[in-house]
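Worksheet: the structure to be examined is printed underneath.
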Amino acid sequence: MQHQSLYRRFRPQRFAEVVGQPHLVRALRNAVREDRVGHAYLLSGPRGTGKTSTARILAKALNCEALTDEGEPCGICDSCIAVAAGTSMDLIELDAASNNSVNHIRDMTEKAALVSSGRRKVYLLDEVHMLSAAASNALLKTLEEPPSHVVFILATTDPNKVLPTIRSRTQQYELSLVGADEMAPHVRAIAEAAGAPVDDAVVDYVTERGAGSVRDALSALDTVLAAGGIPDDRTDVNALVQALARADLAATLIAVAEATAAGVDARDLAERTARRLRDMFLVGAGVEPAELPPADIVSARELSDVMGRRRNVRALEALGSALAQMPQSADRRLTLEGALVGLLADEALGAGTTDAAPPASAPARGEAGAPAPPAAGPAAARAAMAATTAPPSLDAPPAAPPPPPAPPADAAPGASDALSAQAAPPAPAESVAAQVPPEPRPDPTIEAAAAPSPPATSPGADAQPPTTAEPAPASGSAMTAPELQRMWESLIVGKLRPVAAGLFRDATVLAHERNVVTVRLNEGVPLAQARRRSNEVEPVLSELLDQTVRLEVTDPSSAPGPPPEDVAQPAEISSPTPSAPSQEAVAPASSQEAKVQRIVDRFPGSVVVRDDEATT
């Protein structure tokens, strides 16, 4: 006798044999027993949950010659035997995926008026959501008012794609996945009926692979019986999930290599891993999936505690993205490995930046000069980003800088005082501005010699190295205009769209009062266009400052306000002696040269064409 798969041999033949759908079975039994069968039904649910089997049982019950009192077909009359064998003229099954044109539906509706040998003629349209729009509309009239002896049963795995006009003409029943508490006894009973009893380990494995689908579970049982035991590929997913839980990149790649070397497809491996991560997430959140065996629930809870919710969600997102890219990928394994490497690399970088302590050279200060408590949340993250422009280094921390050297013999007068001012401890900016008049800036050579010393807060020493900047305050809402100016290009303009970024890149922050930030644009920037684009800057400022912010754009031709006190202006340091031109005369040309230098540094190899009104 030819071998037949288990899910075909043991397909339910009575309502009582349908597993895990008590609401559907109860409704159909009552309808058959009380002769209140509807003219159209819509059965929807995942694959392998009993949609086609239930439709066949209903067709048997409607034409059974010896119907029981419970509404069950007898299974021994000629009509029941013909339906079970697939030779009945009272049950017409159509695959809507291949019979989805208007001609197919027109042919079916024309034949529906013909009377058959039985009492009822049942039309079963499987995967009805595959019908074309024209075919669905052609079905509407017959579906709404069919002949009295015709019953339509529509089955689909995607009810959202079925036209609402079709759904409104049917009785709708949703079939759900079968839980592990019902699946495990069913699998054990099928194995015993097939003459191959199995142990608990096989039942748990088959239940897990079925994932709530009876057909998938019986197919997995067929595979186990044919192989003589559980395949070795079960440990592949566990090894991969354990490596992801520990954030071990080497173990993750080894697990993928071993699984693919054993013949496991990369897409199947990714799907099973994502399903396992989803179970871990639900169990960690206190939800126990019904289709998961008790032993797997315990292991999922342990792995969830090790992995953590954040890494679990990021791993699910990475695998989901990889699965979406695999249909267009030439190498599925490469896509999977790339997603896993990117996930763990981001995890390692995030752990190194978020857990790092603030720099000891410039700690945040609270009231009365006391160190402020460590901040947390988005404001602390933005402060850490503003405190450095270079990526965190993995090398050992550098040694303490040596004491500042003595000034050379030929140094300009006042160099010793400048060095002493740089080596002195920081003083409040308000007291310095109120008591000490501005002094001439030190010689660049002396400042370069004293570079290892800690930065001072006095107005005469506000030039900073290009790789670091002063840390922003812990609370974004307390940022001043100079502090906003320092991070304007990196943390605000860098997040804008190209057009808005070009308009606001060289803007000057004039003031920050309450929830209003006032900026002045450079000459040549269209004011009307900048004001229209200000709504793109306001969300970025609001996120940075932790409050709703309104941006005011002033006219570039208006009188310029005073520059920020502590904004670095390296162009003004080029005047060491009082005999040099005044700072007001040098600043425009120096700022222009600094802007040109920034453009050349950002785009190496570019050609700068100057358009100066004073040039003839």
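Of note:
- Condition broken by LEU249, with the remaining ones in (1) under 28 Å from VAL198 (Cα atoms); (2) surrounded by 15 or more Cβ atoms within 10 Å (Cβ to Cβ) satisfied: (1)
- ALA155, sole failed condition from (1) surrounded by fewer than 22 Cβ atoms within 10 Å (Cβ to Cβ); (2) at pLDDT 90 or above; (3) in contact with an Asp or Glu (Cβ under 8 Å, 6 or more places away or on another chain): (1)
- Cβ pairs under 6 Å, 6+ apart, first in the range 19-45 and closer than 30 Å to ARG188 by Cα and part of a helix (DSSP H, G or I), second of a type in the set (Val, Ile, Thr) and open to solvent by 10 Å² or more (accessible area, probe 1.4 Å): VAL25/VAL18
- Test: residue in the range 270-279 that is farther than 19 Å from ALA322 by Cβ and either touching a residue at least 60 places away in the same chain (Cβ under 8 Å) or open to solvent by less than 50 Å² (accessible area, probe 1.4 Å) (or both): no
- Per-region count, the range 496-509, residues open to solvent by 60 Å² or more (accessible area, probe 1.4 Å) and β-branched (Val, Ile, Thr): 1
- GLY524 vs. criteria closer than 20 Å to GLU593 by Cα, open to solvent by 60 Å² or more (accessible area, probe 1.4 Å) and out of contact with any strand residue (DSSP E or B) (no Cβ under 8 Å at 6 or more places or on another chain): yes
- Evaluation of ARG311 against (1) under 12 Å from the mean Cα position of the chain (by Cα); (2) surrounded by fewer than 18 Cβ atoms within 10 Å (Cβ to Cβ) (one fails), failing number: (2)
- Residues satisfying the stated conditions in the range 527-553, i.e. surrounded by fewer than 19 Cβ atoms within 10 Å (Cβ to Cβ) and more than 34 Å from the chain's Cα centre (by Cα): LEU527, ALA528, GLN529, GLU552
- Within this structure, THR207 passes the test of being more than 17 Å from ALA40 (Cβ to Cβ), β-branched (Val, Ile, Thr) and in contact (Cβ under 8 Å) with a residue 12 or more places away in the chain.
- Checklist (1) under 27 Å from GLU317 (Cβ atoms); (2) touching a residue at least 24 places away in the same chain (Cβ under 8 Å); (3) more than 27 Å from the chain's Cα centre (by Cα) applied to GLU258, failing item: (2)
- In this structure, VAL493 qualifies as out of contact with any strand residue (DSSP E or B) (no Cβ under 6 Å at 6 or more places or on another chain), in a helix (DSSP H, G or I), at pLDDT 80 or above and buried (at least 19 other Cβ atoms within 10 Å of the Cβ).
- Qualifying residue in the range 80-90 (condition: closer than 21 Å to ALA27 by Cα and open to solvent by 50 Å² or more (accessible area, probe 1.4 Å)): no
- ALA243 being assigned to a helix (DSSP H, G or I), open to solvent by less than 10 Å² (accessible area, probe 1.4 Å), touching a Leu at 6+ places or on another chain (Cβ under 7 Å) and closer than 24 Å to ILE297 by Cα: no
- One residue stands out in the range 104-135 among those that are more than 20 Å from SER44 (Cβ to Cβ) and among the small types (Gly, Ala, Ser): the one that is farthest from the chain's Cα centre (by Cα), namely SER117.
- If you go through the range 485-527 and keep only what is at positive phi and in contact (Cβ under 8 Å) with a residue 24 or more places away in the chain, you end up with just GLY524.
- Qualifying residues in the range 46-79 (those that are of a type in the set (A, V, I, L, M, F, W, C) and touching a residue at least 24 places away in the same chain (Cβ under 8 Å)) - the one most open to solvent (accessible area, probe 1.4 Å): LEU67
- With respect to being modelled with pLDDT of 90 or more, of a type outside the set (Val, Ile, Thr) and crowded, with 20+ Cβ neighbours inside 10 Å, LEU218 fits the description.
The values are calculated or read from the model by the stated rules, or taken from the named source; none is laboratory data. Computed from a predicted model, the values in this text were never measured in an experiment. Positions of Cβ are generated from backbone atoms using ideal geometry, with glycine treated the same way; all protein chains shown enter the neighbour counts. The area values use the complete protein model at the heavy-atom level, side chains included, leaving out ligands, DNA and RNA. Shrake-Rupley method; radii C 1.70, N 1.55, O 1.52, S 1.80 Å.
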